[in-house]
Amino acid sequence: MIGKPSHLLKHKLGSSGTLIQNTITSEIYQDGSRYDGEMKGELRHGHGKLFYSDGTWFEGSWILDRIEGFGVFYSSSNKLSYEGEWSHNKRNGQGVMINEFPQDMEESHFQRTFDKKENTWVRYEGEFHNDEWNGVGKLIFSNGETYQGTFKKGMMHGKGSFNKGKRMVLAGEWKNNALIQLF
């Protein structure tokens, strides 16, 4: 931490009726990042914003110096990148992730495998585990095609359907981004 943070006292009553002091502070760290928000002692605790030195920033709930609960993450161009649940400083639970710079796709993406899906997705809505798409979700591609189903470790894995347009839906079993069986 560089310099001394400015503190403003915020008083709360604990469950036993005792007075608990939280502070609202602004801290600048050695790497150039800055935290503005509530603290409990020396730990970020309560609502706060963390501005990273690369220009990205997070706003949300902190518990004992960890990002916990609901929060939003913004890119360095100040665009929403993720909105949803967090646990242990990682995306965990329900959330929406937005790709700020997706590659354009003019043709259909479907080729029975998505090993080369790369940066062609626009938005993911669904479950996360340890910062990865994991569980039930929906992936939207830049050409409007979608995959809706289960994910495992960031890949399409399990039951899901791929929508190529208004009339064509391919439903089946997926494994590591590849369609292995049609239903």
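Contour minus end-to-end for Q103 and Q30, with contour as 0.36 nm per residue of separation and end-to-end as the Cα-Cα distance?
Working: separation 73, 0.36 × 73 = 26.28 nm, distance 3.56 nm.
Contour length minus the Cα-Cα distance gives 22.7 nm.
Using the Cα centre of segment 47-182 as the reference point, and only Cβ charges (+1 on K/R, -1 on D/E), how large is the resulting charge dipole? Debye, rounded to the nearest 20. Write down the numbers at each step before the final one.
Numbers: 17 positive and 18 negative charges, 105 e Å.
Its charge dipole is roughly 500 debye.
Within segment 47-182, how many Lys pairs that are eight or more residues apart, or on different chains, come under 18 Å at the alpha-carbon?
23
What is the extension gain from L182 to S76, computed as 0.36 nm multiplied by their sequence separation minus the C-alpha to C-alpha distance, in nm to one decimal?
Values: separation 106, 0.36 × 106 = 38.16 nm, distance 4.14 nm.
Going from the current span to full extension adds 34.0 nm.
Mind running the shape call on segment 130-183? Use the C-alpha gyration tensor, a ≥ b ≥ c as the square roots of the eigenvalues: rounded below 1.5 for a/c, prolate if a/b tops b/c, oblate otherwise.
Oblate shape, in that a/c is at least 1.5 and b/c is the bigger or equal ratio.
How high is the relative contact order of segment 47-182, given as a whole-number percent (alpha carbon pairs under 8 Å, six or more residues apart)? Kindly include the intermediate steps, with their values, before the conclusion.
Working: 328 pairs, mean separation 18.6, N = 136.
Normalised by residue count, the contact order of segment 47-182 is 14 percent.
In terms of the Cα gyration tensor, with a ≥ b ≥ c the square roots of its eigenvalues, is segment 47-182 rounded because a/c is under 1.5, prolate because a/b exceeds b/c, or oblate? Each step should come with its number before you reach the end.
On the way: a/c = 2.86, a/b = 1.79, b/c = 1.60.
Verdict is prolate for segment 47-182.
Order by neighbour count: H88, H129, fewest other Cβ atoms within 10 Å first, most last.
On the way: H88 10, H129 17.
Exposure proxy ranking, most exposed first: H88, H129.
Students often get this wrong: which residues of segment 36-79 have the backbone nitrogen under 16 Å from the point 7 angstrom along Cα-to-C-beta of H88?
Answer for this model: 63-69.
What full-extension length gain, to one decimal in nm, is calculated for L43 and S161 as 0.36 nm per residue of separation minus the Cα-Cα distance?
Contour length minus Cα-Cα distance gives 38.0 nm.
Any read-out appearing in this document is the output of simple, stated calculations on the displayed coordinates, not a laboratory observation. In this text, all values refer to a predicted model and were calculated from it rather than measured experimentally. Cβ: placed from backbone, ideal geometry, glycine included. Neighbour counts: every protein chain shown.
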